[in-house]
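Colleague: The structure is given below, and queries will be raised subsequently.
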Amino acid sequence: MTALLEVEDLRVSYGKIEAVKGISFSVEAGQVVTLIGTNGAGKTTTLRTLSGLLKPTSGKILFDGKPLNGVAAHKIVALGLAHSPEGRHIFPRLTIAENLQLGAFLRKDKDGIEKDIQRAYDLFPILGERRKQAAGTLSGGEQQMLAMGRALMSQPKLLMLDEPSMGLSPIMMQKIMATISELKSQGTTILLVEQNAQAALSLADQGHVMEVGNIVLSGTGQDLLHDESVRKAYLGED
Ligand code: ATP
């Protein structure tokens, strides 16, 4: 069986600085795969390259059997790869409902879109309660939920989440992680970038540790969670 996403020897540079130095990994349909690592390891650069926002200098990206190299970002969304970016990339002046509708910009099935908006409200009840309010009035964590909900509106085959727990209170973080588990149990395939290694590895099928542009260690989420070097470097143990 071929994987849903296959990345082979991917390299990405900003001018002379090589941020991703030849990484390879794959994501099977139905899996949650996580990339962990400290600031500047190249995780965000990897996701932005997969979405077509950055051009790789070399390497192969195969998504659902098709090469993504050189494919425009909006076409990549149409192929089924959605990206919930780091930070608050929602439209603050539009309502929550309008933000969700924008996530479905490639779809024409009105009934299906309505159903999926309802699904986002079921996943995140606060979004439903405040559907008519400007999205800029949501808290950081709630905006993160909206960004996830919006990415789901394109009915992606693969959902990429960049640091969904960033800046969240422990309770909000638990809620986001529980939602990721719920999405997984509904069959969504997820590529999760996280600095919170404990949370990410706990729910991931596979994990990869990135350091300065390289994958230095790979394994199942559970293996990495119990790996001594990971525990020391990323889980704050002596
Ligand atoms: P973080 O968790 O802090 O976002 P990351 O693992 O996602 O870290 P990247 O954001 O991918 O790391 O950054 C990888 C490297 O590329 C870093 O050294 C960073 O300074 C550099 N970099 C990122 N964006 C740019 C840019 N637009 N121009 C130049 N260098 C950049």
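The values are calculated or read from the model by the stated rules, or taken from the named source; none is laboratory data. Source: prediction; values computed, not measured. Cβ sites come from the backbone with ideal geometry, for glycine too, and all protein chains shown count toward neighbours. Calculation scope for accessible area: heavy atoms of the full protein, side chains included, ligands and nucleic acids excluded. Shrake-Rupley method; radii C 1.70, N 1.55, O 1.52, S 1.80 Å.
Colleague: Rounded to the nearest 500, what is the chain's calculated 222 nm mean residue ellipticity when only DSSP H runs of at least 4 contribute -39500 (n - 2.57) each, over all residues?
Modeller: Calculated at 222 nm, the ellipticity per residue is -10500 deg cm²/dmol.
Colleague: Determine the percent antiparallel among the DSSP beta bridges restricted to the chain, to the nearest 5.
Modeller: 55
Colleague: Restricting to Cα pairs below 8 Å that are 6+ residues apart, what does the relative contact order work out to for the chain? Please round to a whole percent.
Modeller: 27
Colleague: Something else: Please sort 9-15, 201-207 by packing, taking for each peptide the average over its residues of neighbouring beta carbons within 10 angstrom, highest first.
Modeller: Top to bottom by mean Cβ count within 10 Å: 201-207, 9-15.
Colleague: For the chain, what is the accessible area per residue in Å² when the probe is 1.4 Å?
Modeller: 47
Colleague: Find how much the distance from T220 to I171 grows on full extension, using 0.36 nm per residue of separation minus their present alpha carbon separation; answer in nm with one decimal.
Modeller: Between T220 and I171, full extension yields an extra 15.1 nm.
Colleague: If you restrict to DSSP beta bridges whose two residues both lie in segment 129-238, what percentage is antiparallel, to the nearest 5?
Modeller: 55
Colleague: If you don't mind, there's one more thing I want to ask. What is the distance, in nm, between label points placed 7 Å from the Cα along the Cα-to-Cβ direction at Q118 and at D64?
Modeller: 2.5
Colleague: If I model a spin label at H89 and S139 as a point 7 Å from the Cα along the Cα→Cβ vector, what separation in nanometres do I get?
Modeller: 2.5
Colleague: Another question, then. Based on the Cβ-Cβ distance from V212 to A72, what FRET efficiency comes out when R0 is 25 Å, to the nearest 0.05?
Modeller: The computed FRET efficiency comes out at 0.25.
Colleague: Shifting gears a bit: Taking all protein chains in place and a 1.4 Å probe, what share, in percent, of the accessible surface of the chain do carbon and sulfur account for?
Modeller: Carbon and sulfur: 52 percent of the exposed surface of the chain.
Colleague: D for the chain, whole µm²/s, Stokes-Einstein with Kirkwood Rh over alpha-carbon pairs at 20 °C and 1.002 mPa s: what number?
Modeller: Rounded, D is 118 µm²/s.
Colleague: Only residues of segment 212-226 count here: report those whose backbone N is under 13 Å from the spot 7 Å along Cα→Cβ of S24, or say none.
Modeller: Only 215 pass the distance filter.
Colleague: Could you pull the accessible area for E8 with a 1.4 Å probe, rounded to 10 Å²?
Modeller: Roughly 100 Å² of E8 is accessible to a 1.4 Å probe.
Colleague: Per-residue HN-Hα couplings for segment 16-25, Karplus 6.51 cos²θ - 1.76 cosθ + 1.60 at θ = phi - 60°, whole Hz, x for Gly and Pro?
Modeller: Taking θ as phi minus 60°, the curve returns 8, 8, 8, 8, 10, 10, x, 9, 10, 6 Hz for segment 16-25.
Colleague: Sticking with this one: At R0 = 35 Å, how high is the FRET efficiency between L235 and K110 if r is their beta carbon distance? Nearest 0.05 is fine.
Modeller: Using R0 = 35 Å, I get an efficiency of 0.15.
Colleague: Please list, in order along segment 127-136, the HN-Hα scalar couplings obtained from phi with the Karplus expression 6.51 cos²θ - 1.76 cosθ + 1.60 (θ = phi - 60°), rounded to whole Hz, x for Gly and Pro.
Modeller: 5, x, 4, 10, 3, 8, 8, 5, 5, x
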